[in-house]
Number of protein chains: 2
Amino acid sequence: MSDNNSKKADIISVAKAAKVSASTVSRYFNHPELLKNSTRRRIDSAVRKQGYIRNRAAQTIHGIRSGTIGVLVPTIDHAIFAEVVQAFSDAVAEHGFTILLASHGYNAKQEYAVLRKFLEHRVDGVVLTGLEHDEAVFQLIESQDIPAVLIWNHSDSARLPCIGADNRRAGQLIAEHILDLGHRDIACMFPPMVGNDRAQDRRMGVMDTLAKAGAQVRAEWQLETIYSISASKRDTIKILSNEMRPSAIICGNDILATGALYGAQACVLGVPQDVSIVGIGDFKGSSEIEPALSTVRLPAVRIGQEAGRALAHAITQKESSIANLHCLPELVPRASSAIAKR
Amino acid sequence: MSDNNSKKADIISVAKAAKVSASTVSRYFNHPELLKNSTRRRIDSAVRKQGYIRNRAAQTIHGIRSGTIGVLVPTIDHAIFAEVVQAFSDAVAEHGFTILLASHGYNAKQEYAVLRKFLEHRVDGVVLTGLEHDEAVFQLIESQDIPAVLIWNHSDSARLPCIGADNRRAGQLIAEHILDLGHRDIACMFPPMVGNDRAQDRRMGVMDTLAKAGAQVRAEWQLETIYSISASKRDTIKILSNEMRPSAIICGNDILATGALYGAQACVLGVPQDVSIVGIGDFKGSSEIEPALSTVRLPAVRIGQEAGRALAHAITQKESSIANLHCLPELVPRASSAIAKR
DNA sequence: TAATTTTGTGAAAACATTTGCAAAACTATT
DNA sequence: AATAGTTTTGCAAATGTTTTCACAAAATTA
């Protein structure tokens, strides 16, 4: 039981209680093999009795690692980022790291400010979401030379090491799937694109592929819908209520697709008989929804794990180079898409 | 542009460049009003030129706040915890705090270990999920006397200040709703209960209410299903495929309810005509799903915000007492539940 | 028994800051 | 121009730890 009558338990008070010097207590934690068994036991009991907890801040100012990694996502409250963060956190926790987590809400100024805060805390590494960032952000990272990883998106020409899936390719895959099924009257629903290179890339992948096949998307079928099931349901109902309606809706992510599915059901339209609906992401639940959602799998857990592993390795081995890693997106055709009726 | 030829930019190198003493640079950050305009400008330019970033670790060992708050959830990868964490993070970020986030996966030993790690980092406060924790966890917090809040669940007899919803009451509300609709053949589906007082409380609320009304739940209709749409869909299909089937299914949370909904659809049963399905939580999407889910709203965002506000206040005002706050659960009847057929 | 090696421990310097106090530099007043 | 009052700055001590170096004690070898 800890004894808190001695206000502050620092290394010195422990040393006194154990009748050794502070250096010996330090060694007890950092190089216990150098101590005699009996001293180790004495210190052990003193530590316990005083409820002493080491002060990482004091260690950190010696240039010793802080044991923290800064993770910066647009928002935590997204099925998909939550999943990535969880996987990342687990991966680095194995190596003793704790994460400092913050979100910037797709605001570039915010991102820079948070990054600075991370650096004040002397994080041992940072993770940013997406490939594109303010020039100031890149410069800050480079000037501190601390390992950094960009997650979620992938491109060979990224300015920093990136571990993620090629979102352009994901868009291409789902568009090809819809084209292969014979659809030509296609609607597209994407989230707002500002500060979101993942969404931009997906959209570009979809649009380019459709255009190349001569299946231009008419302007009124190009929707920009905020990331929310309710907004997507609403917009889908609007578009499906016209007499002229698309035979397929390509959604920028599975949340939008889920809303679209509900919207079609609300319009008493059959999916996929009346309209095919597809997403991107393969979120949890996408395979169980009725009808099961056709989508493109982006391996969130794998991305988080690999990023965590790579960063932890770079930090502990002081090997500053992290290799790009492309986690391939993969088409997952399910029940929500079918051959177009003529 | 920062000039990184000078390897390490510390307060002293900045001081030299600005031709002042280190103390003056320190004051530049902490009490700028004490400096003459001209010196302030000189330091400003030196800071910029060197790309100096303050070292919070060095400040922290002076007993100055670390500016971090430890947040400990069972898992980040839950719609609901993600939402709470986001709200909490935003609330404390306003006061300059960054969160250290970790998960324990419903493992009590883990929880203690993570808490210790938080304390090594000298967090200014901690947030734990739920009311019940190892005795060692409570003792550790008490011995450090640092502000702590238990979130998500609520009880007047909690050992530490708690901000959350009474989950027992939530269970009671949804059970009453189902009873009011005339149901007596009721199935219950709850997640595993170990280390999860929220689920335990909800279940108790439901079971007690049903029992009091004489609507005992037969053993084979008491399901324990892991938190996952697919597991819930599977279990629901199993239970609905028997000729003897319940007229209502009460689920411990909206994810399970969503899976149950899909399961009913897969069995070609109408909801709510053939079977009523209800959840607890009012997750995002629960109001848009077809049919819209009857559930009990637990105000996640509010809980996160209030907890953040309370903790930030306790830390900055050194006012160690945080008041309990009960965020009332509220029945939200929607389309997925209806009067029982006789 | 003496000489040598190994092991265990302590003293002091270093780390990057903050802060109380006192000295120096300005301003205003006469 | 001298004095008093005010503002601004620097010095030195303090913070909680790790690390290097040195030395004594113990163990081993000759």
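The values are calculated or read from the model by the stated rules, or taken from the named source; none is laboratory data. Because the structure is predicted, anything quoted here is derived from the model rather than measured. Neighbour counts are summed over all protein chains in view; Cβ atoms, including those assigned to glycine, are modelled from backbone coordinates with ideal geometry. Surface areas here come from the heavy atoms of the whole protein model, side chains and all, with no ligands, DNA or RNA. Shrake-Rupley method; radii C 1.70, N 1.55, O 1.52, S 1.80 Å.
Remark: the protein assembly as shown carries 43 Å² of accessible area per residue (probe radius 1.4 Å; ligands, DNA and RNA excluded). About its Cα centre, region B:182-325 has a charge dipole of approximately 200 debye under the convention of +1 per Lys or Arg Cβ and -1 per Asp or Glu Cβ, with nothing else charged. Atom-type composition of the exposed protein surface of region B:208-309 places 49 percent of the accessible area on carbon and sulfur (1.4 angstrom probe).
Shape analysis of region B:122-268 based on the Cα gyration tensor places the equivalent ellipsoid semi-axes at 35, 17, 11 Å, largest first.
Inter-chain Cβ neighbour count for A:139-149, averaged per residue, equals 2 (cutoff 10 Å, partner chain atoms only). Near A:Gly270, within a Cβ-to-Cβ distance under 14 Å, what is the net charge of the other residues, with Lys and Arg +1 and Asp and Glu -1? Net local charge, A:Gly270 excluded: -1. Ordered from largest to smallest accessible area (heavy atoms of protein chains, 1.4 Å probe), the residues B:Asp197, B:Asp156 come out as B:Asp156, B:Asp197. For the set A:Lys8/A:Lys117; A:Lys16/B:Lys318; A:Lys284/B:Lys233; B:Lys8/B:Lys49, the pairs lying more than 19 angstrom apart at their alpha carbons are A:Lys8/A:Lys117; A:Lys16/B:Lys318. Solvent-accessible area of B:Arg169, all protein chains in place: 90 Å² (probe radius 1.4 Å, heavy atoms, ligands and nucleic acids excluded). Pairs of Cα atoms nearer than 8 Å and 6+ residues apart set the relative contact order; for chain B it is 17 percent. Between this copy and the others, label points of A:Pro32 are 4.8 nm apart in ascending order, each placed 7 angstrom from Cα in the Cβ direction. Taking both sides together, the accessible area buried where B meets A is about 4700 Å² for a 1.4 Å probe. Both numbers refer to the Cα atoms of region A:11-54; Rg and Dmax are 8.9, 23 Å.
With Rh defined as the Kirkwood radius, the inverse of the mean 1/r over Cα pairs, the Rg/Rh of chain B is 1.15. Note on surface exposure: A:Glu306, A:Glu319 rank A:Glu319, A:Glu306 by accessible area, highest first, 1.4 Å probe. When the P(r) of region B:66-146 is calculated, the portion above 17 Å amounts to 43% of the C-alpha pairs. When all protein chains stay in place and ligands, DNA and RNA are ignored, the 1.4 Å accessible-area order of A:Cys251, A:Cys267, largest first, is A:Cys267, A:Cys251. Remark: label point of A:Val301 defined 7 Å out from Cα along the Cα-Cβ vector; separations to the same position in other copies 3.0 nm, ascending. For B:Arg122, the residues 5 or more places off, or on other chains, whose built amide H falls under 5 Å of its own are A:Arg56.
Per-residue surface analysis assigns B:His95 an accessible area of about 90 Å², computed on protein heavy atoms at 1.4 Å probe radius. For region B:143-196, compute Rh as the Kirkwood radius over C-alpha pairs and then the Stokes-Einstein diffusion coefficient at 10 °C and 1.306 mPa s; write the answer in µm²/s, rounded to an integer. The calculation lands on 115 µm²/s. Over the protein assembly as shown, the Kirkwood radius and the radius of gyration, each from Cα atoms, give a ratio Rg/Rh of 1.01. DSSP beta bridges confined to the protein assembly as shown are antiparallel in about 10 percent of cases. In this view, the solvent-accessible surface of A:Lys36, computed with a 1.4 Å probe and all protein chains in place, comes to about 140 Å². Residues of region A:279-296 whose accessible area, computed with a 1.4 Å probe over protein heavy atoms, drops by at least 40 Å² once all protein chains are present relative to their chain alone are A:Lys284, A:Glu288, A:Glu290. Averaged over the residues of A:68-77, the number of partner chain Cβ atoms lying within 10 Å of the residue Cβ comes to 4. Stokes-Einstein diffusion for region B:217-342, with the hydrodynamic radius set to the Kirkwood value over Cα pairs and evaluated at 10 °C in a medium of 1.306 mPa s, equals 99 µm²/s.
In this assembly of identical copies, the label point of A:Ser21 (Cα plus 7 Å along Cα-to-Cβ) is separated from its counterparts by 3.2 nm, sorted shortest first.
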